[in-house]
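S.K.: What follows is a structure written as structure tokens; I'll ask about it next.
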Amino acid sequence: MLRQHLPLFSSSSYSPIYMALSRLTRQNSHRLPPASTKTSSRSSAKTKPLLFLLLLIVILVVTAVFLFPPAIMSSSSPSAASVPFESPRKVVKKVLSLSQSEGDGATVRRSIGGHELRNLDPFLLLDEFSVSKPGGFPDHPHRGFETVTYMLHGAFTHQDFSGRKGTIRTGDVQWMTAGRGIVHSEMPASNGVQKGLQLWINLASKDKMIEPRYQELKSKDISQAEKHGVKVRIIAGEAFGVRSPVYTRTPTMYMDFTMQPGSQLHQPILEGWNAFVYIIEGEGVFGREGDVAASAHHCLVLGAGDGLSVWNRSGALLRFVLAAGQPLNEPVVQQGLFVMNSRAQIQQAMQDYYYGRNGFEKASQWSSA
């Protein structure tokens with residue numbers, strides 16, 4: 001058997017096996033003490049079996065390195081883009097988001113928050129919005145949850161009753177925690193059609209009355225990674241070993257994936273979290289390899305499992321967002337732009353807004369115009 005691999009052991013090739021054997025032979029020769037011929041013969045007889053065994057072990061180990069490198073390489077940490085799951089999350093509900101009017105002259109495609117999918121704990125709403133001047137979302141209040149605005153194209157200017165004002169552009173994110181109360185406006189900041197996604201995330205009862213806060217990320221500051229034809233922008237959570245700096249009071253992951261034709265993705269999702277996909281453009285197979293492809297403007301609710309598997313078998317780019325969150329398992333009572341845990345709390349929120357108290361003190365004196 002060894003004769004078939006003699007080139008590996010040739011002294012002229014200076015192979016690792018040859019060098020290891022030479023080194024081991026030299027070491028053993030130095031350790032043998034000078035003695036009489038009779039003593040040397042006995043020592044040599046005792047040493048030969050041990051030396052042969054050591055040489056055989058070295059030969060087997062180094063040969064394995066040369067002959068089976070794929071097995072050794074596969075023991076390293078796998079890439080999330082290329083290693084499938086034993087139990088992938090299946091698509092358990094598929095919702096096509098249809099266009100509807102919202103705000104002042106705006107159009108939205110509402111998937112979560114519509115009649116087919118009222119909510120998906122902790123997610124309350126997902127809108128894909130499209131709006132041009134002079135339309136938009138003029139002054140309106142919020143209490144009890146967070147809004148995450150992700151610009152796909154164009155620019156939006158935001159201002160609120162605390163005096164804060166800013167503009168987010170293509171690829172930027174604004175993560176707003178409304179908490180106990182805020183009144184703000186969201187209006188187009190450039191000509192043409194402005195497009196984006198707005199996701200509402202519920203707050204736990206203990207956090208519903210906290211002070212409002214913002215986290216804003218410019219496009220260049222959003223964490224990104226790319227592997228095997230799959231590019232991801234990590235708004236919240238972690239993918240491909242890269243983590244977003246965004247703090248999520250309600251534990252959440254939120255990512256924007258773009259997949260080249262022929263690529264596949266296997267993204268882990270924490271056990272027990274509710275998850276969904278919203279397809280922005282293209283089409284792909286989600287869940288299991290034999291499933292039917294889903295196309296743009298579909299929201300796909302995922303069942304239990306280790307993570308999401310996706311295949312892009314089309315000849316065009318596939319772009320979608322993946323969101324997952326830890327369910328709060330609390331009552332949800334919603335009245336328009338207020339989300340609380342009981343009807344009494346909703347009534348209190350409406351009174352606070354009307355009378356300008358408990359977080360809405362500046363509401364009556366402020367106007368974005």
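S.K.: Mean projection of the alpha-carbon convex hull of segment 123-232 over all orientations, in nm²?
M.R.: Averaged projected hull area, Cα only: 7.8 nm².
S.K.: Between Arg118 and Leu317, 0.36 nm times their residue separation minus their Cα-Cα distance comes to what?
M.R.: 68.6 nm
S.K.: Could you sort out which of Lys94/Lys165; Lys165/Lys195; Lys94/Lys133; Lys195/Lys218; Lys165/Lys220; Lys133/Lys165 sit more than 27 Å apart by Cα distance in this structure?
M.R.: Distance filter (> 27 Å) returns Lys94/Lys165; Lys94/Lys133.
S.K.: What figure in square angstrom, to the nearest 10, would you give for the accessible area of Met187 with a 1.4 Å probe?
M.R.: Surface open to solvent at Met187 totals about 50 Å².
S.K.: Using heavy-atom solvent-accessible surface (probe 1.4 Å) with all chains present, what is the largest-first order of Arg118, Arg109, Arg143?
M.R.: On the way: Arg118 145, Arg109 65, Arg143 5 Å².
Solvent-accessible surface, decreasing: Arg118, Arg109, Arg143.
S.K.: Okay, moving on. Taking +1 at the Cβ of each Lys and Arg and -1 at the Cβ of each Asp and Glu, which of Leu300, Gly287, Phe257 sits farthest along the dipole of segment 212-305 towards its positive end, judged by Cα position relative to the Cα centre?
M.R.: Phe257
S.K.: Here's another thing I want to ask about it. Using 0.36 nm per residue, how much length does the chain from Thr170 to Asp291 gain when fully extended, once their Cα-Cα distance is taken away?
M.R.: Gain on stretching Thr170 to Asp291: 40.3 nm.
S.K.: Shifting gears a bit: Taking K and R as +1 and D and E as -1, what net charge do the other residues with C-beta under 15 Å from the C-beta of Ser205 add up to?
M.R.: Combined, the nearby Lys, Arg, Asp and Glu give +2.
S.K.: Can you give the local net charge around Thr149? Use residues other than it whose beta-carbon is closer than 10 angstrom to its beta-carbon, Lys and Arg +1, Asp and Glu -1.
M.R.: -4
S.K.: Might you work out the accessible area of Lys231 for me, using a 1.4 Å probe with all protein chains in place, and round it to the nearest 10 Å²?
M.R.: Surface open to solvent at Lys231 totals about 90 Å².
S.K.: Once the other residues with Cβ under 12 Å from the Cβ of Trp273 are scored (Lys, Arg +1; Asp, Glu -1), what is the net sum?
M.R.: Result for the neighbourhood of Trp273: -2.
S.K.: Distance between the C-alpha centers of segment 156-199 and segment 277-326? Whole Å please.
M.R.: Segment 156-199 and segment 277-326 have Cα centres spaced 28 Å from each other.
S.K.: Choose one of Gly103, Ile269, Gln159: the residue whose Cα lies farthest towards the positive end of the charge dipole of segment 90-325 (beta-carbon charges +1 Lys, Arg; -1 Asp, Glu; about the Cα centre).
M.R.: Of the listed residues, the answer is Gln159.
S.K.: For segment 90-325, I need the span (max minus min coordinate) of the C-alpha atoms along each principal axis, in Å, sorted largest to smallest.
M.R.: Largest first, segment 90-325 extends 51, 41, 36 Å along its Cα principal axes.
The values are calculated or read from the model by the stated rules, or taken from the named source; none is laboratory data. It should be emphasised that the depicted structure is a prediction, and the values quoted were computed from it without experimental measurement. Counting neighbours? That spans all protein chains shown, and the Cβs are built from the backbone with ideal geometry, glycine included. Note: accessible area is taken over every heavy atom of the protein model, side chains too, but ligands, DNA and RNA are not part of it. Shrake-Rupley method; radii C 1.70, N 1.55, O 1.52, S 1.80 Å.
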